[in-house]
Every structure is written in C-alpha cells, then in structure tokens.
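What follows is a single structure, written as structure tokens, with notes after it.
The values are calculated or read from the model by the stated rules, or taken from the named source; none is laboratory data. Treat the numbers as computed from the prediction; the structure is a model and nothing was measured. As a convention, Cβ positions derive from the backbone with ideal geometry for all residues, glycine included, and neighbour counts pool all protein chains shown.
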Amino acid sequence: MASIDIENVSKIYPGSTARSVADIALNIKDGEFIVLVGPSGCGKSTLLRMVAGLEDISEGEIRIGTRRVNEVEPAHRDIAMVFQNYALYPHMSVRDNMAYGLKNRAVPRPEIEARVAEAARMLELGPYLDRKPRALSGGQRQRVAMGRAIVRQPAAFLFDEPLSNLDAKLRVSMRTEIRRLQKRLGTTSIYVTHDQLEAMTLADRLVVLNAGRIEQIGTPLEIYHRPASTFVASFIGAPAMNLLDAEIAGNRLRIGDEVLDTPVSGAAGKVTLGIRAEDLMPADRGLSFTPDDIEDLGAQRLVHGFVAGQPLTLVISPATRVEDCRRLAPKPGALHVFDTLSGARLDLHTEHDSRPVLPVGQGL
Amino acid sequence: MNKVTPFDHLVLILGTLLMVTPIAIAVMTSTHTAADIHVNGLSLLPGGDGIETYSTVLTHKGGFTGQVTGARMMMNSLILGLGFAVGKIVLSMLAAYALVYFRFRFATAMFWVIFTTLLLPLEVRIMPSYQVMAELGLLNTYTGLIVPLLASATGTFYFRQFFKSVPDELLEAARIDGAGPVRFFIDILLPLSRNMIAAVFIIMFVYGWNQYLWPMLMTTEESFFTLMRGIKQILQVWIGSQIPDYNQAFALAVLALLPPVAIVVVFQSWFIKGLTESDK
C-alpha cells in the first residue's frame, strides 16, 4: 500500500519535439482508485506505463510511497499490472502464471502456494489452476491476470484497459468485481480506460485527459455535474452533453432567435451553452425544438432534433409523446456555460443555481 | 468444398506413384545381388539377398584402409546432422534474440547483412572456410566439419520473424514479474518457440545430413567419412572385371534415407500438435 505522486511528468518520444504527455501533476492517496480516461491517443496509457516503468520518464518525477522510482526497474517498483490482452504466459498453467513473479522473487514455496490458493479462492479460479490459459474463456483469463497481480501483494495495481476484450455483459460484471476486489484489498489502483461508463462506475477520482494534458480531476459526480471544459462535457455522460453556440445579451442566453428565460450574469458575447439531454423537459414555453429521429432504448427514448438549426438530443421517458416536445425548458441550474474559444467553463451565476450538493466521492 | 470425384483419386494416385516408385525401386533392388542387378537392371520385386547385403554394408570394413563400416559412416552422418541442427538452432536463436529484443546501434543494418548472406550458397565461401580450418589445424575433426557452417541466416531469419510475432505485453509482463533477459529467454521465449525449433531442426538436420562437398573437402581420413561419401566410394571401386556393388550402394542409400525420415516423423507429430493447440 502506498500513495503515488506524479510530479510534472512529461513524455517526449525520441525523434519528436511534441509532448505526448505534458506536465501531468497528480497525487494519488493510499488506497485510492484513480481512473485515467480519455480518447485514444490522449496519453493515458503512456502515463500508466511510465508509472509501471515500461516507458522512460522524460521529465518530472514519479514517487511510489516516498521513493523516487524514475530509474527503478519495473520489477522493483512494487507494482502489478493487468494488460488489455491479459499477457498470460501461454505455455504455463494458471497456477504457474500466478506463481511466476513470486518464484522470480525467491518467495518460499509454501508461501507461494498459500498466496496462489488464496487468490484462486477469491477469484473462483480453483477448478482451473492446472489448465493452460488457452483452455479458459475470456473472463477467466481476465481473472487469472488479476490473480497474477493480487498474489504479488503490490503497493499499487495498474490496469491498462483490462476489460476491452470482453463482451459487453461480462464487462459489466467484471467491472463490479474489480471494484469490490479493490475495496477489499485496499490497494492503490490506477485504471486506464476509454469507456466513460467504466470510468464513472469505478473511480474514486476521475482524471480526464486530452492530448496529453489533464482536463479535469474530480469525483465522477463532480465531473458529471461540473465539467471543466467542453471536452469533458462531451466526453463524460451518454448521450453526450448538447453543446450549442449561444450568446449572452442583456443578462439572457440567446440561441439563434431563441431566448432562455434564465437570467445569467456575465459579460455579453458569444459563449458555448451546454445542456445534458436529460436536463431538458417539455414545457409550455421555452426553446422551440424540431424532432428529427427517435431512438427507443426501452427504459428511455432519445429524441434527436434541432434547436435554432443546431443539433440537440433529448432524453424522455417512454410515456412522453414526442409531439409534446415542441417546446423545451432546461431544469433549474442545469445550464453549463463555456468559453467559445478556449472551451473552459465559465462560472456564471444563474438565478436557479441551487442544485443540491450531492454526497459525492464514495460512489458505490 | 466440391465432391471428391474418381478423377481426384486418379490424380492423387498418380502423384503418389511418382513419389514412391523410385524409393520402392531402390529398396527392392537393394535386395538383389550385384550380378543380378548388372544383368537384369533395376527391379520392382524383392530378391533373396536383402539381409546379407544390409549386414555387409553395416559391418563390412571397406575403403582403402579397410577400417570404415557402414555403421561408422552412419554415425558420422548423424554427428554431422545433429551437430548442425543443434548448433544452428542455438546460434540463430541467440542472434535473433539479440536482434529483436535489444536496442543497439545498426541492429537493422546487421539484420540485413545477415539476411543477404542467405543469397550466398556455401560454395561461394568454401575456399576461404577451408583455408581457415586448415590453418587452425581442424581438418579431419568433427569441430572442423561442423563449426564453420553453424552461422545460419535462414535460422536467424525464421526465429527473428517468430520473436517479432510474440506480443510485447508478454515481455512487459515478464519484466514486471521480475524476469531479466536470461530468465525471459529461458522461461518464456524458449517454450513458446518449441514448434519453430522443431521446424528448424527438421530443415537443418536434413541439410547437415545431406552435406557432400564440405565433408569431402574437410576430411581425408576414412574414419570421418559420411554416408553420402560412402555411396560414392562404393560405385568408384571398378577394379578389373569386378562389378560395382550396386546392391550395397542401394542399401546405403536406403539407410541414408531412414534417419531423416525418422526425424521428420517424430517432429511432425510435435509440429502438428503445437499448431492445433496453439493459443488464439
């Protein structure tokens, strides 16, 4: 168990001047579950691999516990990693796969057996200990990869998109399992994913990365409710937050010819207005909406359409008729205003900004 | 899949005959006496002389010194074949390991240099090789026979391609598991390469077994003669009205066939097992 401190870390690949990971600073508390999330190529895997020691650290410093690990071999960093394709040794039995790292560390044989047995019990792998990985299903292989990490009893677990190769249903159950296991072991974890749902459900704190930089750090609900930029707003949450070109004029938000009732403070000028699809309700007066297409998901319906010529998605209950959605009003305090050029959040005071403070942080 | 027609069978039968007949003729002819062969030519039917011929070939001390037997020559060929195969596999695996897993300057250039030597046949460098061995005093030794031919571009190339297909994550997992370069090679790469090793072993053993020119240059002592030379030797004995020992030559040729066949059969079962059971 240990904290992990990432101090102004950058990655510059040889033969390039651009920073694939730029100036990342992140302090991870002991036992915390951190999820790095972002689109492909945002540097999240690179950052994880720098913590693991599989990539050199170009600038900055990484400490695990109090020890600087920049020059420490992966084997001596006291970490365990779970890979996307599991990276199990195909010629070794499940038992040997889990025991290999311990054998290399000259852990006494009885202790190896005890730890493997314990991990197998925890992961329900008992009946498969003498099988080869190829005789296992994807979910079971994933468990073996986790088992290999657990038996090491490391200071930190590093997960590199461990669920991407599983089918959707299995992914959901493995997600819960990883979460439960991490809470039980209390091991500091860094988890990389591009799946925002995985990120939301697993994280104690989420780190949203874009183009090698941190866009926002926060609990999943903080990030959901107060995205720091248009990038975060569109990346976290499904369907993605609606982003509309708007204008502040006379303490009112104006979208094309439509004017929102909610008074806003702030300098007049162009802004980007964000509204989540579930924060819009049919109303008697409000934005006029032209429905275009409907996706029925069973529990809810997604209505795609246009407001003042700009695309907008709306979530309604299956009972609501689309014809009733000609006019829309945002729920109180549901407006997010962003700077049009930089995309950064503008904290404008809106009159109804009285969203209850939710008990965030502990998640499940 | 189309239905199998009688015509398909016909083609297959013809192909099989084409391949098997020469071998069958060799086996059958070797069971006749030399005089019989000289008079009647090749034969497709067994003669009555088989056991005698084969025991003569294996135990008769022939040659100029009267010291070398068929068994001895067979052993020499085996030493050559096995030495070739094992040595080449060890050497080319290590070379490929260095090329793929270690970052050093000119690695790619070196690989291409090695690769181009694939194009050069042994005969091109046979004189310099001979001279080096002669000056090292290694003529008429097994070392001299085997060592100069051990560097194998083919083997290095095969293993390089194979190592490149091993997922990087395995190396990374092993690094995190505390395996250094030597451990990774022995614990992970070697077991994974089993099928490749079997394939290269077959190729290299047969290559070594069939060597003719190089052993002929390197050895003058009959105790180092290989089977391939022995066959030639028998046919050269044409003294006076003596008929060459055709039967013995055929018997030796048949004997020369057996070890490669055995090797292929043994490793093929391994090979297929490895292929069908392989991961993913």
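Here are a few things to note about the model shown:
- Count - residues of segment B:93-109 that are in contact with a helix residue (DSSP H, G or I) (Cβ under 9 Å, 6 or more places away or on another chain) and within 14 Å of B:Pro181 (Cα to Cα): 10
- Residues being farther than 23 Å from A:Leu54 by Cβ, among the charged types (D, E, K, R) and in a helix (DSSP H, G or I) - total across segment A:144-177: 4
- Within segment B:68-113, restricting attention to residues that are in contact with a Lys or Arg (Cβ under 9 Å, 6 or more places away or on another chain) and β-branched (Val, Ile, Thr), the residue that is modelled with the highest pLDDT is B:Val100.
- Any hit, segment A:97-104, residues being basic (Lys, Arg) and more than 14 Å from chain B (Cβ to nearest Cβ): no
- The single residue among A:Val144, A:Val172 that is assigned by TED's automatic domain parsing to the domain that holds A:Ala117, out of contact with any strand residue (DSSP E or B) (no Cβ under 9 Å at 6 or more places or on another chain) and more than 19 Å from A:Ala120 (Cα to Cα) turns out to be A:Val172.
Here is a yes/no grid of residues against (1) over 22 Å from B:Leu80 (Cα atoms); (2) under 20 Å from the mean Cα position of the chain (by Cα); (3) not hydroxyl-bearing (Ser, Thr, Tyr):
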position	(1), (2), (3)
B:Ser92	no, yes, no
B:Tyr101	yes, no, no
B:Val113	yes, no, yes
B:Met127	no, no, yes
B:Val132	no, no, yes
B:Leu139	no, no, yes
B:Tyr142	no, yes, no
B:Ile146	no, yes, yes
B:Ala151	no, yes, yes
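- If the condition is being modelled with pLDDT under 85 and either farther than 18 Å from B:Ile231 by Cα or β-branched (Val, Ile, Thr) (or both), then segment B:3-34 contributes B:Lys3, B:Val4, B:Thr33.
- Tabulated pairs, segment B:157-180, first at the interface with chain A (Cβ under 8 Å from one of its Cβ atoms) and closer than 11 Å to B:Ser193 by Cβ, second surrounded by fewer than 19 Cβ atoms within 10 Å (Cβ to Cβ) and modelled with pLDDT of 90 or more, C-beta under 9 angstrom, 6+ apart or interchain: none
- For segment A:113-142, a tally of residues being farther than 27 Å from A:Arg171 by Cβ and without any contact (Cβ under 8 Å) to a residue 24 or more places away in the chain returns 3.
- Only one of A:Ala319, A:Ala344 that is more than 23 Å from A:Asn210 (Cβ to Cβ), among the small types (Gly, Ala, Ser) and surrounded by fewer than 18 Cβ atoms within 10 Å (Cβ to Cβ): A:Ala319
- Flag for A:Val232 being under 17 Å from A:Ser40 (Cα atoms), buried (at least 17 other Cβ atoms within 10 Å of the Cβ), in contact (Cβ under 8 Å) with a residue 40 or more places away in the chain and in contact with a helix residue (DSSP H, G or I) (Cβ under 8 Å, 6 or more places away or on another chain): no
- Conditions (1) out of contact with any Phe, Trp or Tyr (no Cβ under 7 Å at 6 or more places or on another chain); (2) away from every other protein chain (no Cβ under 14 Å); number of the one not met by A:Val35: (1)
- Sole exception among (1) in a helix (DSSP H, G or I); (2) surrounded by fewer than 19 Cβ atoms within 10 Å (Cβ to Cβ) for B:Arg105, by number: (1)
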